[in-house]
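Chemist: Quick one: this structure, given as structure tokens, is what I'll be asking you about.
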Amino acid sequence: MTSRVYTETINEQLAAVGHTGYRLRQDSPYTVRVIPEGPDARHRLDLHAQLLRNLGYKTTIEAPTDIRPLRLRITHP
């Protein structure tokens, strides 16, 4: 069964290591998305994803579409 993921927890974990320049969106009780702001978005999402994978989260970088920006999907396995 999948565990709940909260934006507050993700924000605390990213901020604790100095990651900045992102918005968080709670898409469901089990999914949070990180939306980068500013330049070099892909590189920063890669850094966020690596950190969160090391903490036990499942991460997926989702490509931008016509209406959605580049984003990182976070769930618990």
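Chemist: Among the residues of the range 63-77, which ones are touching a residue at least 12 places away in the same chain (Cβ under 8 Å) and either under 10 Å from the mean Cα position of the chain (by Cα) or over 22 Å from T20 (Cβ atoms) (or both)?
Modeler: Of all residues in the range 63-77, those touching a residue at least 12 places away in the same chain (Cβ under 8 Å) come to 69-77.
Answer for the range 63-77, where residues must be touching a residue at least 12 places away in the same chain (Cβ under 8 Å) and either under 10 Å from the mean Cα position of the chain (by Cα) or over 22 Å from T20 (Cβ atoms) (or both): R71, L72, R73, I74, T75, H76, P77.
Chemist: Search the range 27-47 for residues being part of a loop (DSSP other than H, G, I, E, B) and in contact (Cβ under 8 Å) with a residue 24 or more places away in the chain, and hand back the single one that is surrounded by the most Cβ atoms within 10 Å (Cβ to Cβ).
Modeler: Of the residues in the range 27-47, the ones part of a loop (DSSP other than H, G, I, E, B) are 29-30, 37-40.
Those still in the list that are in contact (Cβ under 8 Å) with a residue 24 or more places away in the chain too: 29-30.
Numbers: P29: 11, Y30: 14.
Restricting to residues being part of a loop (DSSP other than H, G, I, E, B) and in contact (Cβ under 8 Å) with a residue 24 or more places away in the chain, the top hit is Y30.
Chemist: Among the residues of the range 47-58, is there at least one that is at pLDDT 95 or above and over 22 Å from P77 (Cα atoms)? Full working, then the answer.
Modeler: Quick first cut of the range 47-58, residues at pLDDT 95 or above only: 47-58.
Keeping just the survivors that are over 22 Å from P77 (Cα atoms) gives none.
Checking the range 47-58: not a single residue is at pLDDT 95 or above and over 22 Å from P77 (Cα atoms).
Chemist: Name the single residue that is surrounded by the fewest Cβ atoms within 10 Å (Cβ to Cβ) among those in the range 1-21 being part of a loop (DSSP other than H, G, I, E, B) and of a type outside the set (V, I, T).
Modeler: As a first pass, look at the range 1-21 and keep what is part of a loop (DSSP other than H, G, I, E, B): 1-6, 17-21.
Checking which are of a type outside the set (V, I, T) leaves us with 1, 3-4, 6, 18-19, 21.
On the way: M1: 4, S3: 11, R4: 13, Y6: 12, G18: 6, H19: 16, G21: 13.
Selected residue: M1.
Chemist: I want to confirm something. Restricting to the range 27-43 and keeping residues that are touching a Phe, Trp or Tyr at 6+ places or on another chain (Cβ under 7 Å) and not hydrophobic (A, V, I, L, M, F, W, C), which single residue is modelled with the highest pLDDT?
Modeler: P36
Chemist: Still on this structure: Quick check: anything in the range 55-62 touching a helix residue (DSSP H, G or I) at 6+ places or on another chain (Cβ under 9 Å), of a type in the set (D, E, K, R) and more than 16 Å from T20 (Cα to Cα)? Spell out how you get there, then give the answer.
Modeler: Pass one, the range 55-62, residues touching a helix residue (DSSP H, G or I) at 6+ places or on another chain (Cβ under 9 Å): 55, 57-61.
Of the ones still in play, those that are also of a type in the set (D, E, K, R) are 58.
With more than 16 Å from T20 (Cα to Cα) added as a condition, the list becomes 58.
Checked against the condition, which is being touching a helix residue (DSSP H, G or I) at 6+ places or on another chain (Cβ under 9 Å), of a type in the set (D, E, K, R) and more than 16 Å from T20 (Cα to Cα), the range 55-62 yields at least one hit.
Chemist: Same structure, new question: From (1) loosely packed, with under 13 Cβ neighbours inside 10 Å; (2) modelled with pLDDT of 95 or more; (3) not β-branched (V, I, T), pick out the condition that doesn't hold for L24.
Modeler: (1)
Chemist: Check off (1) over 15 Å from T59 (Cβ atoms); (2) under 11 Å from the mean Cα position of the chain (by Cα) for E37 and give me the number that stays unchecked.
Modeler: All conditions pass for E37, except number (2).
The values are calculated or read from the model by the stated rules, or taken from the named source; none is laboratory data. Just so it is clear, the model here is predicted, and its values are computed rather than measured. Counting neighbours? That spans all protein chains shown, and the Cβs are built from the backbone with ideal geometry, glycine included.
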